[in-house]
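Below is one structure, written out as structure tokens, with a few remarks after it.
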Amino acid sequence: DQTLLLIDGHYTSVMRMLLGKALCYLLIYMVSSLFVLVIAPWLFGLPQLTDPLTYWLLLLPLLLASVFFSFFWSLIVKHREKAMIIWVFTSIPFLFLTGLSWPLSAIPAPLRALGLLVPSTPGVQAFVSVSSMGASLRDVLPQYLTLWVQALGYFLITSFTYARLVRRSMKVA
């Protein structure tokens, strides 16, 4: 039983729609990330202690996890204005949870566990390690695997939530 959506007079599955939107966002953010992670440091003469392949291998699960994380929250938050308010009030706590501006050892264990649900936490830890400390992908394997688990988990949660919302709206109509 596939849940179908009517988009511009054509029926498509929830899965195709989610994957299409994700690919679009992924390509846009890959270009943006290329600038932020490769071109800007090069322009400013900042040392980069890793190779581009490691960046791309880390970037793929980070962006996928972030995209599906955002898709899920877009289904929960009904009004665009509320999304911006949530973003403003969660961005600073999420920054602290990464351990970038506050030592991880000073963060209580329940909050560190909460940080593992947010793609920025393992993503920032991995990128700082490879770019500033010269770590290899093997050295950041826990963060790398966490990003892939998040990407898959948020994809599944989003697809099930979206399909449920579509089925519910079909019953009402």
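The values are calculated or read from the model by the stated rules, or taken from the named source; none is laboratory data. Nothing here was measured: the structure is a model prediction, and the numbers come from that model. In this analysis, Cβ positions are derived from the backbone assuming ideal geometry, glycine residues included, and neighbour counts consider all displayed protein chains. For the accessible areas, the whole protein counts, side chains as well, though only heavy atoms, and no ligand, DNA or RNA atoms are used. Shrake-Rupley method; radii C 1.70, N 1.55, O 1.52, S 1.80 Å.
Taking Cα centre as origin and charging only the Cβ of basic (Lys, Arg, +1) and acidic (Asp, Glu, -1) residues, the dipole magnitude of the chain rounds to 640 debye. By accessible area, using a 1.4 Å probe on protein heavy atoms only, the chain has 72% of its surface on carbon and sulfur.
For Ser13, the residues whose modelled amide H falls within less than 5 Å of its own, excluding neighbours fewer than 5 places apart on the same chain, are Leu5.
Each peptide in 61-70, 22-31, 141-150 receives the mean, over its residues, of other Cβ atoms within 10 Å, and ordering these scores from highest gives 61-70, 141-150, 22-31.
Relative to the longest principal axis of the Cα atoms of the chain, the long axis of helix 120-132 lies at roughly 30 degrees.
Ordering 47-59, 113-125 by mean Cβ neighbour count within 10 Å, with the highest value first, yields 113-125, 47-59.
As an exercise, use a Förster radius of 22 Å and the Cβ-Cβ distance of Ser74 and Met170 to find the FRET efficiency, rounded to the nearest 0.05. For Ser74 and Met170, the calculated efficiency is 0.65. The residues of the chain expose, per residue, 65 Å² of accessible area to a 1.4 Å probe.
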